[in-house]
Each structure stands twice: as structure tokens, then as C-alpha cells.
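Remarks on the structure that follows.
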Amino acid sequence: MIDFLVNRKNERFHLLIASIDKLCPEGISKRQKEALSSTKIINTIFPNDDLNHDEIGAPTLSNGKAISISHTDDYISILISNKLASIDIEPIGHKALKTATKFLNKKELELATSNEKATLFWSAKECLYKIHKKGGLTFTTDLRINSVEENQMECFIFDKSFMLNYEKYNDHWLVYYFD
């Protein structure tokens, strides 16, 4: 039995967070931990279904549900929904603010005045990238954060609007979208 740190489920989505170290043995690589933890969770939730990956490497479920997976050194987060799922989890730190000019436009840079905000915006753009499911995006112009409200952000992929959900989890930002 997996001891989930977060296990939130309703008729629209299923959100899970677990400790990677508790799911995996010591001495295996980060990549192996990511794969093993994903497989263990899916086998627990959907014992009769398979976790696969499509031609661009995005995870898929054999039962037709939408799935998105994100990892940090400490956590694995999974979002499952009916049509579209996208999730990203990022530790809050200085890296996003130091590299902000590479992924934020001028308006967003004015708002990203702290490590916390810059990390939130990076996580939002990663979530948008997963929604798009195709390469060829310019993060500064094609993915835009329009407004940030409490626990939601209005964002755009080109001209299509998406309301992303966000919350803080143990010095990490969790950003997700489901449909």
C-alpha cells in the first residue's frame, strides 16, 4: 500500500503526491526512480491498466483516461482526468529568477520579483507546455500568464485561454490543469 502525501479525488480529477524515496530502493538513478515510482502508483490505482508513452514521450493510460506526471528530487505528482491533464511540481528556489528572461515576457518579468513568483511562473509555463503536447513553442511569446488570482492563473497558449490551478506544497509549487 502506498502512503500518499496527497490523494485528492472527485468526479473531475484525481491528484496524487507521493515521496519518491519511500517508493524506490536506494542506489538507483533519478531516471529509474521516476519510472519506478510512476509505475508503482499506476499499478496501485489501476491494477488492470498499463502506463505507456506516446510518440512525444507524454504518459498515456490504456484505460483512455488523461494523465500527467511530474517529478522533483523528493516528490512525484500525478494528475488523472477524463480528457486532458497537465501537472508540474517545482521546488521554490533561485534558479527560476536567475533565468527568468529566457521564459518570461516583459509583463511577466515585472510581476516575477521574487524566487517564489518566478518559480510559480516557470511551473505554469511547464504546465502549459504539457497541455500543448507539441514542440516548437517559444516560452516568452507563445505561452503567456495573463493574471494571477488566489489559487488560479489565467494563461494563454497562443490565443487559447486556460485557467491553471496552483497551490504551495512543502516549499514547492504545484500547478495543474484538468478537463
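Scan the range 146-179 for residues that are among the charged types (D, E, K, R) and part of a strand (DSSP E or B) and report the count.
Going residue by residue through the range 146-179, those that are among the charged types (D, E, K, R) are 149-150, 154, 159-160, 167-168, 171, 179.
So of that shortlist, the ones also part of a strand (DSSP E or B) come out as 149, 154, 160, 167-168.
The qualifying residues number 5.
Quick one: Phe158 ticks every box in (1) surrounded by 12 or more Cβ atoms within 10 Å (Cβ to Cβ); (2) over 21 Å from Asn7 (Cβ atoms) bar one, so which box is it?
(1)
Out of the residues in the range 109-124 meeting the condition of being under 21 Å from the mean Cα position of the chain (by Cα) and outside any helix (DSSP H, G or I), tell me which one is surrounded by the fewest Cβ atoms within 10 Å (Cβ to Cβ).
The initial filter retains those residues of the range 109-124 that are under 21 Å from the mean Cα position of the chain (by Cα), namely 112, 114-124.
Going one step further and asking which of them are outside any helix (DSSP H, G or I), we end up with 112, 114.
Working: Ala112: 21, Ser114: 13.
So the residue we want is Ser114.
Given (1) farther than 23 Å from His71 by Cα; (2) of a type in the set (S, T, N, Q); (3) loosely packed, with under 13 Cβ neighbours inside 10 Å, where does Thr99 come up short, assuming only one miss?
Result: Thr99 fails condition (1) only.
Does any residue in the range 36-61 that is outside the structural domain of Asp74 (by TED's automatic domain parsing) and touching a residue at least 12 places away in the same chain (Cβ under 8 Å) come within less than 6 Å, Cβ to Cβ, of a residue that is buried (at least 16 other Cβ atoms within 10 Å of the Cβ) and in a helix (DSSP H, G or I) six or more places away or on a different chain, and which pairs are these?
Close Cβ pairs (under 6 Å, with a partner that is buried (at least 16 other Cβ atoms within 10 Å of the Cβ) and in a helix (DSSP H, G or I)) do not exist here.
Run Leu15 past the list (1) touching a residue at least 60 places away in the same chain (Cβ under 8 Å); (2) more than 22 Å from Val175 (Cβ to Cβ) and report the number of the one that doesn't hold.
(2)
Taking the range 125-145, which residues are surrounded by fewer than 15 Cβ atoms within 10 Å (Cβ to Cβ) and either of a type outside the set (Val, Ile, Thr) or in a helix (DSSP H, G or I) (or both)?
Let us first name the residues in the range 125-145 that are surrounded by fewer than 15 Cβ atoms within 10 Å (Cβ to Cβ), namely 133-136, 138, 141.
If the condition is that a residue be surrounded by fewer than 15 Cβ atoms within 10 Å (Cβ to Cβ) and either of a type outside the set (Val, Ile, Thr) or in a helix (DSSP H, G or I) (or both), then Lys133, Lys134, Gly135, Gly136 are the ones that fit.
Taking Glu90 and the conditions (1) of a type outside the set (A, V, I, L, M, F, W, C); (2) without any contact (Cβ under 8 Å) to a residue 60 or more places away in the chain; (3) within 30 Å of Leu61 (Cα to Cα), which numbered condition does it fall short on, given that it satisfies the others?
(2)
When the range 87-114 is examined, which residues are found to be closer than 19 Å to Lys130 by Cβ and touching a strand residue (DSSP E or B) at 6+ places or on another chain (Cβ under 7 Å)?
Selection gives Ile87, Asp88, Ile89, Glu90, Pro91, Glu108.
On the given criteria, is Glu150 out of contact with any Cys (no Cβ under 8 Å at 6 or more places or on another chain), at pLDDT below 95 and within 30 Å of Asn7 (Cβ to Cβ)?
Values: out of contact with any Cys (no Cβ under 8 Å at 6 or more places or on another chain): yes; at pLDDT below 95: yes; within 30 Å of Asn7 (Cβ to Cβ): yes.
Considered against the rule, which asks whether it is out of contact with any Cys (no Cβ under 8 Å at 6 or more places or on another chain), at pLDDT below 95 and within 30 Å of Asn7 (Cβ to Cβ), Glu150 comes out as yes.
Among the residues of the range 92-100, is there at least one that is hydroxyl-bearing (Ser, Thr, Tyr), farther than 18 Å from Arg12 by Cα and outside the structural domain of Lys134 (by TED's automatic domain parsing)?
Narrowing the range 92-100 to residues hydroxyl-bearing (Ser, Thr, Tyr): 99.
In the following step, the residues that additionally are farther than 18 Å from Arg12 by Cα were identified as 99.
Now restrict to residues that are outside the structural domain of Lys134 (by TED's automatic domain parsing): none.
Within the range 92-100 (the criterion being hydroxyl-bearing (Ser, Thr, Tyr), farther than 18 Å from Arg12 by Cα and outside the structural domain of Lys134 (by TED's automatic domain parsing)), the answer is no, since none of the residues qualifies.
Would you list the strands (runs of 3 or more DSSP E) that sit entirely within the range 1-96 and hold 2 or more residues that are among the hydroxyl-bearing types (Ser, Thr, Tyr)?
Values: elements: 6-9, 13-19, 51-53, 59-61, 66-71, 75-81, 85-91.
Here the list reads 66-71, 75-81.
The values are calculated or read from the model by the stated rules, or taken from the named source; none is laboratory data. Just so you know, these numbers come straight off a predicted model, no measurement behind them. Don't worry about glycine lacking a Cβ; one is built from the backbone with ideal geometry, like all the others, and counts go over all protein chains shown.
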